[in-house]
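> Here it is: the structure, laid out below.
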Amino acid sequence: METIRFDDQEKALLVAKLQRYFTEELKQPIGRFDAEFLLDFLSEELGAYYYNRGVADAQAVLTAKAADLADAVWQLERPTEFKR
């Protein structure tokens, strides 16, 4: 898997969210540089877990849709003298 990377605009938004969280919730201001390092650390160490959860969720949706499609195809079947 590739390393998760954000463009400059996304990274700036995420850094600002980290800074706001630290200031408002932890009452501990954090500078932009430290917030960027924290974001990089979280992305490298935890990002794959979130990514894999997203992949699993997508797989579950795909499996459910495939089952719906299979049911829809079976509903097209017409009665015949042959029984299955």
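> Identify, by number, the condition in (1) assigned to a helix (DSSP H, G or I); (2) modelled with pLDDT under 95; (3) open to solvent by less than 100 Å² (accessible area, probe 1.4 Å) that Y51 doesn't meet.
Condition not satisfied by Y51: (3).
> Taking the residues in segment 63-82 that are hydrophobic (A, V, I, L, M, F, W, C) and open to solvent by 100 Å² or more (accessible area, probe 1.4 Å) as candidates, determine which candidate is farthest from the chain's Cα centre (by Cα).
Applying the first criterion (hydrophobic (A, V, I, L, M, F, W, C)) to segment 63-82 yields 64, 66-67, 69-70, 72-74, 76, 82.
Subsequent filtering for residues that are open to solvent by 100 Å² or more (accessible area, probe 1.4 Å) retains 69, 74, 76, 82.
Working: L69: 25, W74: 33, L76: 36, F82: 47 Å.
Here the answer is F82.
> Given the criteria among the hydrophobic types (A, V, I, L, M, F, W, C), open to solvent by 80 Å² or more (accessible area, probe 1.4 Å) and farther than 19 Å from Y51 by Cβ, does F33 qualify? Break it down into steps so the answer makes sense when it comes.
Working: among the hydrophobic types (A, V, I, L, M, F, W, C): yes; open to solvent by 80 Å² or more (accessible area, probe 1.4 Å): yes; farther than 19 Å from Y51 by Cβ: yes.
The answer is yes for F33.
> In addition: Assigned to a helix (DSSP H, G or I), open to solvent by 60 Å² or more (accessible area, probe 1.4 Å) and modelled with pLDDT of 95 or more: which single residue out of K27, K17, K11 fits that description?
Numbers: K27 fails: assigned to a helix (DSSP H, G or I); K11 fails: open to solvent by 60 Å² or more (accessible area, probe 1.4 Å).
Result of the check over K27, K17, K11: K17.
> Another question, if that's okay. Yes or no: segment 22-41 includes at least one residue that is in contact with a helix residue (DSSP H, G or I) (Cβ under 6 Å, 6 or more places away or on another chain) and of a type in the set (G, A, S).
yes
The values are calculated or read from the model by the stated rules, or taken from the named source; none is laboratory data. Remember, predicted model here, so these are calculated numbers, not experimental data. Don't worry about glycine lacking a Cβ; one is built from the backbone with ideal geometry, like all the others, and counts go over all protein chains shown. These area figures cover heavy atoms from the full protein model, side chains too; ligands, DNA and RNA do not enter into them. Shrake-Rupley method; radii C 1.70, N 1.55, O 1.52, S 1.80 Å.
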